[in-house]
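First the structure, in the form of structure tokens, and then the observations on it.
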Amino acid sequence: MLAVDVEKQLGRLQLRVKFKAAHGATALFGPSGAGKTSVVNMIAGLLAPDRGAISLDKTVLFDSTRAIDVPPYRRRIGYVFQEGRLFPHLSVRQNLDYGRRMSGCPRDNAEFARTVSLLDIDHLLDRRPGKLSGGERQRVAVGRALLMQPKLLLLDEPLASLDVGHKREILPYLLRLRDDAGIPIVYVSHTAAELRRIATTVVRLDAGQVVATGGLELLKDVDADLFA
């Protein structure tokens, strides 16, 4: 269980965000500038709240009253950015292994094989990122995050940089990740079409505030489904 209750002043934007996320995919949904990426950066430890607390399972990651701020590399959180951010000089296999090594996890060949199979990237292992499609790069980025053995996965608009064809290519793998990986996901997007397919819980943000929390009914009044 992820519990977030934080405040942060970002220029003119005052973030006041409180929500909990358990199993499945919890969507942070709202317009550009609502504060979604800032929230996941605070969860990841890349941005410190001004006040509040963040906990994951029984571990306190941040608490302003107790001066607790666990560094990002110790939070056991996998983070996938919009662009994937793979190392161009490393093969797919080496990119996948990077997350494990940086988090200090022991080599686990069975877990490596399971992750590669889950994301269907076994035929890509010897390629460099420059030889991959956009959807393939994002699948490798997800695999690298999973091999850190995270307790939580953050996906910050993972489809935003892809065209419609590549979005359709990667979406089934994100659904498989949600259902089979056994790791809670916080999924950031301002596109309701994606979230109707992948979200199990929706947290709506507007101007830095949580305006509603619930199920997919919170998306019924927004744009038509791109994937229909």
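The values are calculated or read from the model by the stated rules, or taken from the named source; none is laboratory data. Being a predicted model, the structure only gives us computed values, none of them experimental. As a convention, Cβ positions derive from the backbone with ideal geometry for all residues, glycine included, and neighbour counts pool all protein chains shown.
Checking residue 10 against (1) over 24 Å from residue 192 (Cα atoms); (2) touching a Lys or Arg at 6+ places or on another chain (Cβ under 7 Å), which test does it fail?
The single condition residue 10 does not satisfy is (2).
Is it true that some residue in the stretch 135-150 is surrounded by fewer than 22 Cβ atoms within 10 Å (Cβ to Cβ), of a type outside the set (A, V, I, L, M, F, W, C), farther than 14 Å from residue 25 by Cβ and out of contact with any strand residue (DSSP E or B) (no Cβ under 9 Å at 6 or more places or on another chain)?
Yes, the stretch 135-150 contains at least one residue that is surrounded by fewer than 22 Cβ atoms within 10 Å (Cβ to Cβ), of a type outside the set (A, V, I, L, M, F, W, C), farther than 14 Å from residue 25 by Cβ and out of contact with any strand residue (DSSP E or B) (no Cβ under 9 Å at 6 or more places or on another chain).
Does residue 57 satisfy being acidic (Asp, Glu) and in contact (Cβ under 8 Å) with a residue 12 or more places away in the chain?
Working: acidic (Asp, Glu): yes; in contact (Cβ under 8 Å) with a residue 12 or more places away in the chain: yes.
When the stated conditions are applied, residue 57 passes them.
Scan the stretch 43-55 and tell me whether some residue there is of a type in the set (Asp, Glu) and either out of contact with any Ser or Thr (no Cβ under 8 Å at 6 or more places or on another chain) or surrounded by 15 or more Cβ atoms within 10 Å (Cβ to Cβ) (or both). Give the derivation first.
If we filter the stretch 43-55 for residues that are of a type in the set (Asp, Glu), which is where we start, we get 50.
Of the ones still in play, those that are also either out of contact with any Ser or Thr (no Cβ under 8 Å at 6 or more places or on another chain) or surrounded by 15 or more Cβ atoms within 10 Å (Cβ to Cβ) (or both) are none.
No, the stretch 43-55 contains no residue that is of a type in the set (Asp, Glu) and either out of contact with any Ser or Thr (no Cβ under 8 Å at 6 or more places or on another chain) or surrounded by 15 or more Cβ atoms within 10 Å (Cβ to Cβ) (or both).
Do any residues in the stretch 104-126 that are within 26 Å of residue 72 (Cα to Cα) have Cβ atoms under 7 Å from those of residues that are in a helix (DSSP H, G or I) and of a type in the set (Phe, Trp, Tyr), where the two are at least six apart or on different chains, and which pairs are they?
From residues that are within 26 Å of residue 72 (Cα to Cα), the pairs are 119/173.
Tell me, which residue of the stretch 81-101 that is under 13 Å from residue 140 (Cβ atoms) and within 17 Å of the chain's Cα centre (by Cα) is modelled with the lowest pLDDT? Reasoning before the result, please.
The first filter runs over the stretch 81-101 and keeps only residues under 13 Å from residue 140 (Cβ atoms), leaving 81, 83-88, 90-99.
Next, only the ones that are within 17 Å of the chain's Cα centre (by Cα) stay: 81, 83-86, 96, 99.
Working: 81: 86, 83: 72, 84: 68, 85: 83, 86: 92, 96: 94, 99: 78.
Within the stretch 81-101, the match that is modelled with the lowest pLDDT is 84.
Does at least one position in the stretch 86-103 carry a residue that is of a type outside the set (Lys, Arg), in a loop (DSSP other than H, G, I, E, B), closer than 30 Å to residue 19 by Cα and in contact (Cβ under 8 Å) with a residue 12 or more places away in the chain? Explain how you work it out, then say what you get.
Quick first cut of the stretch 86-103, residues of a type outside the set (Lys, Arg) only: 86-92, 94-99, 102-103.
If we keep only those that are in a loop (DSSP other than H, G, I, E, B) as well, we get 86-91, 103.
Still in the list and also closer than 30 Å to residue 19 by Cα: 103.
After this cut, where a residue has to be in contact (Cβ under 8 Å) with a residue 12 or more places away in the chain as well, the list is 103.
Within the stretch 86-103, one or more residues are of a type outside the set (Lys, Arg), in a loop (DSSP other than H, G, I, E, B), closer than 30 Å to residue 19 by Cα and in contact (Cβ under 8 Å) with a residue 12 or more places away in the chain.
Scan the stretch 6-37 residue by residue and report those that are over 13 Å from residue 213 (Cβ atoms) and in contact with a strand residue (DSSP E or B) (Cβ under 6 Å, 6 or more places away or on another chain).
As a first pass, look at the stretch 6-37 and keep what is over 13 Å from residue 213 (Cβ atoms): 6-16, 23-25, 31-37.
Listed by number, the residues that qualify are 6, 7, 8, 15, 16, 25, 34, 35, 36, 37.
Kindly establish whether residue 153 is crowded, with 21+ Cβ neighbours inside 10 Å and within 24 Å of residue 213 (Cα to Cα). Walk me through it before giving the result.
Details: crowded, with 21+ Cβ neighbours inside 10 Å: yes; within 24 Å of residue 213 (Cα to Cα): yes.
In short, yes.
Kindly indicate which of 87, 62, 29 is among the hydrophobic types (A, V, I, L, M, F, W, C), loosely packed, with under 13 Cβ neighbours inside 10 Å and in contact with a helix residue (DSSP H, G or I) (Cβ under 8 Å, 6 or more places away or on another chain).
On the way: 62 fails: loosely packed, with under 13 Cβ neighbours inside 10 Å; 29 fails: loosely packed, with under 13 Cβ neighbours inside 10 Å.
Of 87, 62, 29, the one residue that is among the hydrophobic types (A, V, I, L, M, F, W, C), loosely packed, with under 13 Cβ neighbours inside 10 Å and in contact with a helix residue (DSSP H, G or I) (Cβ under 8 Å, 6 or more places away or on another chain) is 87.
If you take the residues of the stretch 100-123 that are of a type in the set (A, V, I, L, M) and under 18 Å from residue 172 (Cα atoms), which of them is surrounded by the fewest Cβ atoms within 10 Å (Cβ to Cβ)?
From the stretch 100-123, those of a type in the set (A, V, I, L, M) are 102, 110, 113, 116, 118-119, 121; that's our starting set.
Checking which are under 18 Å from residue 172 (Cα atoms) leaves us with 116, 118-119, 121.
Working: 116: 22, 118: 17, 119: 24, 121: 21.
Top of the filtered list is 118.
Please verify whether the stretch 67-80 includes one or more residues that are closer than 14 Å to residue 141 by Cβ and not in a strand (DSSP E or B).
Narrowing the stretch 67-80 to residues closer than 14 Å to residue 141 by Cβ: 78-80.
Imposing the further condition that a residue be not in a strand (DSSP E or B) reduces the set to none.
No; the residues of the stretch 67-80 include none that is closer than 14 Å to residue 141 by Cβ and not in a strand (DSSP E or B).
Any idea which of 127, 176, 107, 76 is under 21 Å from residue 56 (Cα atoms) and out of contact with any Phe, Trp or Tyr (no Cβ under 9 Å at 6 or more places or on another chain)? Don't jump to the end; show me each part of the working.
On the way: 127 fails: under 21 Å from residue 56 (Cα atoms); 176 fails: under 21 Å from residue 56 (Cα atoms); 107 fails: under 21 Å from residue 56 (Cα atoms).
Just one listed residue meets the conditions, 76.
Does the stretch 1-15 hold any residues that are exposed (fewer than 15 other Cβ atoms within 10 Å of the Cβ) and in contact (Cβ under 8 Å) with a residue 24 or more places away in the chain, and which are they? Outline the logic, then answer.
Filtering the stretch 1-15 down to residues exposed (fewer than 15 other Cβ atoms within 10 Å of the Cβ) leaves 1, 9-14.
Those that are exposed (fewer than 15 other Cβ atoms within 10 Å of the Cβ) and in contact (Cβ under 8 Å) with a residue 24 or more places away in the chain: 1, 9, 10, 13, 14.
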